[in-house]
Amino acid sequence: MAYNGGFRNVPYPMMKDYQAPPDLLQGRVILVTGAGQGIGRTAALTFAAHGATVILHGRDVKKLEAVYDAIEAAGHPHAAIFPLDFLKAGEADYKAFAEAIHSQLGRLDGILHNAAYLPNITLLENESLDLWTKSLKANLSGPFALTKACLPLLKASPDASVVMTSDHHASHPAAYWGVFAVAKGGVESLVKIWAQEWELHPQLRINAVVPGPVQSPQRRRTHPGEVHESLPADTTLMPAYLYLMGKDSAGTSGRIIELGS
Ligand SMILES: NC(=O)c1ccc[n+]([C@@H]2O[C@H](COP(=O)([O-])OP(=O)(O)OC[C@H]3O[C@@H](n4cnc5c(N)ncnc54)[C@H](OP(=O)(O)O)[C@@H]3O)[C@@H](O)[C@H]2O)c1
């Protein structure tokens, strides 16, 4: 697999029109972080509808149970609920998380790192060290530690895909986006470093998506002046998410893919 250094936009016209076969993810086990609401919920339902056994991660078990019930009601493969708070987790917790995947599901073929911790947006001078520590832990260290713990499972898969979620402010840092922009910039670096390091594992790929503005609980909070309903629905992202998670993206690695432009 050739590492391409990461680039923006190039594959999106093709990805947004991607038509996934109904059984694209059949037989695969895919972990979705932050699956209880917003984009993560929609991605979990979409992956399940395409045949995946989805591991639903988040903090709020009630929300995860509602997603689990929706998957059951639709007759898709049974999901699994794996709660974990990235703010509280240490290396041993991530190891235990991966071991539980192995013992309960036997395999792992993909991770969508979608969870995000963004309690507020404000001036840098108003951000506390505590906020910096928490944001870097939940938005950067957590995805790193979880992926690292799951690596033996991913390497054992015949076709494994890790999809990180970035944000426009990673490459366009701007006032008020503070540590969140810094953490998402770190996520993009992580993708490029790991893509190079995994060149010896051609069945394993890692990319980042930049979703662009879509309707979600987080967006409603961070952009109160916006007419929320005028934004595209998060379902518009799903052709690209399916493309990146399924076999048709094999060989694509190290890319930062902007879906909103
Ligand atoms: N929506 C947009 O327009 C937009 C634009 C650009 C980028 N993005 C990115 O797309 C992703 C999804 O966005 P969204 O708007 O759908 O987000 P959201 O509605 O805020 O959902 C975030 C999820 O992250 C989980 N989470 C938060 N803190 C956590 C922690 N400490 N430990 C574990 N899980 C935690 C939450 O779980 P609980 O609910 O269980 O606490 C929640 O399910 C994010 O990475 C975001 O940065 C979104």
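For a protection proxy built on the mean count of beta-carbon atoms within 10 angstrom, sort 70-76, 93-99 highest first, please.
Put in order of decreasing packing, that is 93-99, 70-76.
Classify region 12-258 from the C-alpha gyration tensor, please: rounded if a/c falls under 1.5, else prolate or oblate depending on whether a/b exceeds b/c.
Numbers: a/c = 1.36, a/b = 1.26, b/c = 1.08.
Note, shape of region 12-258 comes out rounded.
If the elastic network links every pair of Cα atoms under 10 Å, which of Thr46, Thr222, Thr33 fluctuates the most in the Gaussian network model of the chain?
Thr222
At a 10 angstrom cut-off on C-beta neighbours, averaged per residue, how do the peptides 34-41, 114-121, 125-132, 230-237 rank from highest to lowest?
Numbers: 34-41: 24.6, 114-121: 19.0, 125-132: 11.2, 230-237: 15.6.
So the order, starting with the most tightly packed, is 34-41, 114-121, 230-237, 125-132.
If you roll a 1.4 Å probe over the heavy atoms of the protein chains, what accessible area per residue do you get for the chain, in Å²?
Ligands and nucleic acids excluded, the figure is 44 Å² per residue.
Show me the helices of the chain, taken as full DSSP H stretches, that run 20 Å or more along their long axis by Cα and average -0.5 or above in Kyte-Doolittle hydropathy.
Numbers: long enough: 91-105 (21 Å, -0.33); 142-156 (22 Å, 0.92); 178-197 (29 Å, 0.61).
Span-like helices in the chain: 91-105, 142-156, 178-197.
Got a number for carbon plus sulfur as a percent of region 166-261's accessible area, 1.4 Å probe?
On the way: 2250 of 3980 Å².
Roughly 57 percent, rounded to a whole number.
Might you work out the accessible area of Met238 for me, using a 1.4 Å probe with all protein chains in place, and round it to the nearest 10 Å²?
Spelled out: Met238, probe radius 1.4 Å, area about 10 Å².
Tell me the mean residue ellipticity at 222 nm calculated for the chain from its helices only (DSSP H runs of n ≥ 4, each -39500 (n - 2.57), averaged over every residue, nearest 500). Write down the numbers at each step before the final one.
Numbers: 10 runs with 106 residues, N = 261.
Per the formula, -12000 deg cm²/dmol.
Going by average Cβ neighbours within 10 Å, how do the peptides 163-169, 60-66 rank, with the highest at the top?
163-169, 60-66
The values are calculated or read from the model by the stated rules, or taken from the named source; none is laboratory data. Quantities reported herein were computed from a predicted structural model and do not represent experimental measurements. Cβ coordinates were reconstructed from backbone atoms using ideal geometry, including for glycine residues, and neighbour counts include every protein chain displayed. In case anyone asks, the SASA skips ligands and DNA or RNA and just uses the protein heavy atoms, side chains included. Shrake-Rupley method; radii C 1.70, N 1.55, O 1.52, S 1.80 Å.
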